[in-house]
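My questions all concern the structure below.
The values are calculated or read from the model by the stated rules, or taken from the named source; none is laboratory data. Just so it is clear, the model here is predicted, and its values are computed rather than measured. We place every Cβ from the backbone using ideal geometry, glycine too, and count neighbours over all the protein chains shown.
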Amino acid sequence: MTSRYFDIYDSWKADPESFWMKAAKGIDWSTPPTRAFDADLGVYGRWFPDAVGNTCYNCVDRHADRDRPGQAAIIYDSPITGTKRSISFTELQQDVSALGAILLNHGVAVGDRVVIYMPMVPEAVVAMLACARIGAIHSVVFGGFAANELAKRIDACQPKIVISASCGIEPNRIVEYKPLLDEAIEIADHKPSACLIVQREQATATMIDGRDFDYGKELGEAKALGRTSDCVPLKATDPLYILYTSGTTGQPKGVVRDVGGHMVAVNWSMSAIYDMAPGDVFWAASDVGWVVGHSYIVYAPLLRGCTTLLFEGKPVGTPDPGTFWRIIEEHKVAALFTAPTAFRAIKKEDPKGKYLEDYDISSLRTLFLAGERADPDTISWAEDRLGVPVIDHWWQTETGWAIAGNPVGLGRLPVKKGSPSVPMPGYDVQVLDDEGHAVGAGTLGNIVVKLPLPPSCLPTLWRADERFQEAYLAEFPGFYKTGDAGYVDDDGYLFIMSRTDDIINVAGHRLSTGAMEEAIANHPDVAECAVVGVNDTVKGQLPMGFLILNSGVDRANATIEMEVIKLVRETIGPVAAFKSVATVSRLPKTRSGKILRATMQKIANEETFPVPATIDDPAILDEIAAVLKAN
Ligand code: COA
Ligand code: AMP
């Protein structure tokens, strides 16, 4: 089939207003929009300024009340606990409505924030939807973050209540969440008035009298009493959620997602990009703590009337590298969306794909990859083994959906391995040099998006318009700075090559090396430090720390290095995967004292590099190389 992509992209460019008004018809509004965009509102404009609606209604109630009451909304498959559960749209509606009533009872009102710190269990999805139902703004925090990071987010968004669970389960251990939550609340200046805790049998949490409430008990009672909550009509420009993501400092950025634009864009993406019809089973193997989980485990599949698969496990080790294939066969998954790192992990354990022989994965139509660059080797391996198209697409927490992709639902374009293909409608992507001039095809530069950003993209950062302006809009006036560097080829395909800031990508997780440096700097024996990303065959990148110790420190380097590793794990969390560190006597710097991290990264990755003209003392580069060799 010839792709309709070019016609559709051109039609958007010619008349964005009509394009998005048409897409808005996929949503059931209380008050439909009369116009798509108002350039005079907000920092750069706002989408659907006069529309009113509710995201939970569109994800749950319209399906439960009309066409698909008995269809599975969620299939929960947890090889790590040996549990499987199917939840119909009607059952989901009952749970979400009852939880909404419980939240109201705890005094949560429209616009209040609710922090959700949960493992991959259905209650996490129910919690998000219940917030959306009553107009509370959720902020989900990934379970792999430590108490300190959770505390930062609690202080930043000031939740009325926190919804959490007694534990998460990792292959090598049970992670007790409740002590981490208690510690975070202890550290934070802001104190939530209540915590709703899902008690899991693998580890029961000790509850604090008067503050902590048992989620299961409260839900059971509310349902027995027939307590329900209504879907509150919200302005399309109201916030649906805040999701904190790594910035260039230790202070995470609170990405705001609005109610209306988000529904319109991600609903459009389900058919146009992912080619999903209502009733199809869609599986995003990510975590609800990340943006992929928000958009494609929870909201987009449910908006479209698909069944979403909620997977609590890992691609390998739960119990083996055949888990993905077992799930595809058992639940008739039509599309799988994950990070390339998951496939690299499977490929490492089962290079010949022998586990595939035991399963029938014929329901699978497409594999979508995102979160990091999909390397051509991984794409080829997956194509050869799975026999389906493998589609890379590029996006960010800030956008909530693909900036560039290969829209399978509009007719697939030829795949160029190493490229996430072409800009999606809504995105006018350009490549600029550091002075803001457009560069030609094939030339590396800063990737930017011409304003306005399309629906679903962040209108601002939570209560921080100025930081939003400064971080994203100031450097290239009229454009949104993605923070990624790359180029466009002669056919208009994008190639995303690296970040322009200190963010690294570890197993598809976005992490700030600046935040790790801030944590390390708290060690009493460390005078100075630098963290860079080192290439890794499975995780893409891994952080590596370099330390300069205070003069007079006479304890063994190895002891201090172990303490630093522990410090980062305790301050940021195990997700930082910070396990390698070296002590050096000097760090390479420019004459003005800036640490040359990019050059250190190149040395660590054994890449060739020009010696920076501004370097203070080139001999230090050899010292770093020698230390790395010895490690
Ligand atoms: N709660 C607590 N700890 C967690 C956690 C959670 N929700 N998630 C991860 N961790 C811990 C892990 O146990 C690990 O701890 P360890 O140092 O004690 O081993 C550490 O954080 C690093 O986790 P991770 O980066 O996930 O590494 P891993 O070795 O456990 O698994 C992969 C590697 C590639 C299999 C896994 O990252 C994966 O499946 N990634 C693909 C999907 C994905 O996450 N995509 C995200 C964006 S699309
Ligand atoms: P996150 O906000 O966690 O989704 O991370 C977004 C960042 O991940 C992007 O800015 C890129 O640096 C990187 N990224 C995500 N998807 C891709 C992709 N398909 N190709 C290259 N880089 C990607």
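Restricting to strands (runs of 3 or more DSSP E) lying wholly in the stretch 210-325: which have 1 or more residues that are of a type in the set (Val, Ile, Thr) and at pLDDT 95 or above?
The qualifying strands (runs of 3 or more DSSP E) are 239-245, 253-258, 281-284, 307-311.
Mind listing whichever residues of the stretch 470-500 are of a type in the set (A, V, I, L, M, F, W, C), touching a strand residue (DSSP E or B) at 6+ places or on another chain (Cβ under 8 Å), more than 16 Å from ligand 1 (Cβ to nearest atom) and at pLDDT 95 or above?
ALA471, LEU473, PHE476, PHE479, ALA485, VAL488, LEU494, PHE495
Filter the stretch 481-501 for residues that are out of contact with any Lys or Arg (no Cβ under 7 Å at 6 or more places or on another chain), buried (at least 21 other Cβ atoms within 10 Å of the Cβ) and under 22 Å from MET600 (Cα atoms) and give the result.
Across the stretch 481-501, the qualifying residue is only GLY486.
Which residues, counting only those in the stretch 21-44, are of a type in the set (A, V, I, L, M, F, W, C) and either in contact with a Phe, Trp or Tyr (Cβ under 7 Å, 6 or more places away or on another chain) or assigned to a loop (DSSP other than H, G, I, E, B) (or both)?
ALA23, ALA24, ILE27, TRP29, ALA36, PHE37, ALA39, LEU41, VAL43
Let me ask something else about it. Just to be sure before I move on: is ILE503 within 30 Å of ASP377 (Cβ to Cβ), among the β-branched types (Val, Ile, Thr), at pLDDT below 95 and within 16 Å of ligand 2 (Cβ to nearest atom) in the structure I sent?
yes
For (1) in contact with a Lys or Arg (Cβ under 7 Å, 6 or more places away or on another chain); (2) at pLDDT 95 or above, each residue gets a yes or a no:
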{"site": "GLU563", "(1), (2)": "no, yes"}
{"site": "LYS566", "(1), (2)": "no, yes"}
{"site": "ARG569", "(1), (2)": "no, yes"}
{"site": "LYS579", "(1), (2)": "no, yes"}
{"site": "LEU596", "(1), (2)": "yes, no"}
{"site": "MET600", "(1), (2)": "no, no"}
{"site": "ILE603", "(1), (2)": "no, no"}
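Would you pick out the residues in the stretch 430-467 that are among the polar types (S, T, N, Q) and either surrounded by 21 or more Cβ atoms within 10 Å (Cβ to Cβ) or within 20 Å of the chain's Cα centre (by Cα) (or both)?
ASN446, SER456, THR460
Criterion first (out of contact with any strand residue (DSSP E or B) (no Cβ under 8 Å at 6 or more places or on another chain) and at pLDDT below 95) does ASP375 satisfy it?
Yes; evaluated as a whole, the condition is true for this residue.
Also, quick follow-up: Specify the residue that is nearest to the chain's Cα centre (by Cα); the eligible residues are those in the stretch 339-367 that are within 16 Å of ligand 2 (Cβ to nearest atom) and not in a helix (DSSP H, G or I).
ALA339
Being part of a loop (DSSP other than H, G, I, E, B), within 13 Å of ligand 2 (Cβ to nearest atom), over 28 Å from VAL255 (Cα atoms) and out of contact with any helix residue (DSSP H, G or I) (no Cβ under 9 Å at 6 or more places or on another chain) is the filter here; which residues of the stretch 369-425 pass it?
Result: LYS416, single match.
Within the stretch 486-514, how many residues are of a type in the set (A, V, I, L, M, F, W, C) and without any contact (Cβ under 8 Å) to a residue 24 or more places away in the chain?
Final tally of qualifying residues: 0.
Any residue that is out of contact with any Lys or Arg (no Cβ under 9 Å at 6 or more places or on another chain), without any contact (Cβ under 8 Å) to a residue 40 or more places away in the chain and either within 14 Å of ligand 1 (Cβ to nearest atom) or within 30 Å of GLN430 (Cα to Cα) (or both) - is there at least one of those in the stretch 369-377?
yes
Sort out for me the helices (runs of 4 or more DSSP H) sitting completely within the stretch 45-162 that have 3 or more residues that are touching a residue at least 40 places away in the same chain (Cβ under 8 Å) and buried (at least 24 other Cβ atoms within 10 Å of the Cβ).
Answer list for the stretch 45-162: 89-105, 122-134.
Which of the residues spanning the stretch 334-351 are more than 10 Å from ligand 1 (Cβ to nearest atom), touching a Lys or Arg at 6+ places or on another chain (Cβ under 9 Å) and not charged (D, E, K, R)?
ALA334, ALA335
In the stretch 1-20, how many residues are at pLDDT below 95 and either in a helix (DSSP H, G or I) or among the acidic types (Asp, Glu) (or both)?
Counting residues in the stretch 1-20 that are at pLDDT below 95 and either in a helix (DSSP H, G or I) or among the acidic types (Asp, Glu) (or both) gives 0.
Could we say that VAL281 is within 19 Å of the chain's Cα centre (by Cα) and touching a residue at least 12 places away in the same chain (Cβ under 8 Å) here?
It is false that VAL281 is within 19 Å of the chain's Cα centre (by Cα) and touching a residue at least 12 places away in the same chain (Cβ under 8 Å).
Follow-up. Specify which of the listed residues (SER363, SER295) is among the small types (Gly, Ala, Ser) and buried (at least 24 other Cβ atoms within 10 Å of the Cβ).
Matching residue, one of SER363, SER295: SER295.
Which condition number does GLU517 fail, the rest of (1) within 16 Å of ligand 1 (Cβ to nearest atom); (2) without any contact (Cβ under 8 Å) to a residue 60 or more places away in the chain being met?
Unmet for GLU517, out of (1) within 16 Å of ligand 1 (Cβ to nearest atom); (2) without any contact (Cβ under 8 Å) to a residue 60 or more places away in the chain: (1).
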